[in-house]
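The values are calculated or read from the model by the stated rules, or taken from the named source; none is laboratory data. Computed from a prediction, not measured in an experiment: that's the story for all the values here. Ideal geometry is used to build each Cβ from the backbone, glycine not excepted, and the neighbour counts take in all protein chains shown.
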């Protein structure tokens with residue numbers, strides 16, 4: 001595996017589809033923290049649990065308290081993301097790092113070339129577009145939200 005981007009590095013900008021006709025760029029959120037949650041695949045048990053945790057009102061309200069935007073990223077296509085998000089009632093966008101497959105995960109150093117998915121990786125990007133915190137979890141383990149919340153607390157800016 002390539003080395004994931006570490007703290008202090010500029011977060012590579014990207015533009016990815018969130019629906020068949022809508023795209024989102026990291027730079028759209030400049031001026032506020034962004035949480036990038038790379039995950040291997042929709043519909044896998046651990047990914048479902050991880051994203052469900054971030055969707056819980058208590059966790060979402062903590063992210064909102066810090067004015068942070070959460071973006072889920074995987075190599076699945078937009079139609080798969082839309083079905084998964086609808087089924088799980090997710091309240092944050094899922095971005096399709098689909099074609100070229102894993103291009104953004106590669107930029108962040110978290111693409112698993114040997115099996116064609118991204119690592120389970122978290123990045124907190126500060127308001128200026130620098131990586132404030134990153135963490136790569138074993139693929140089969142839900143990393144939870146504690147590390148994200150600690151990184152957001154260190155950034156300050158909560159209500």
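Scanning segment 114-142 for residues being over 12 Å from the mean Cα position of the chain (by Cα) and either in contact (Cβ under 8 Å) with a residue 60 or more places away in the chain or closer than 17 Å to residue 60 by Cα (or both) gives a total of 13.
Only one of the numbered conditions (1) in contact (Cβ under 8 Å) with a residue 24 or more places away in the chain; (2) closer than 17 Å to residue 24 by Cβ is violated by residue 85, and that is (1). When the strands (runs of 3 or more DSSP E) confined to segment 1-56 are screened for residues that are crowded, with 20+ Cβ neighbours inside 10 Å, more than 16 Å from the chain's Cα centre (by Cα) and at pLDDT below 95, none reaches at least 3 such residues. The single condition among (1) surrounded by fewer than 16 Cβ atoms within 10 Å (Cβ to Cβ); (2) in contact (Cβ under 8 Å) with a residue 40 or more places away in the chain; (3) touching a strand residue (DSSP E or B) at 6+ places or on another chain (Cβ under 7 Å) that residue 97 does not satisfy is (1). Under the condition of being touching a helix residue (DSSP H, G or I) at 6+ places or on another chain (Cβ under 8 Å), closer than 22 Å to residue 126 by Cα and in a helix (DSSP H, G or I), the residues counted in segment 60-104 number 3.
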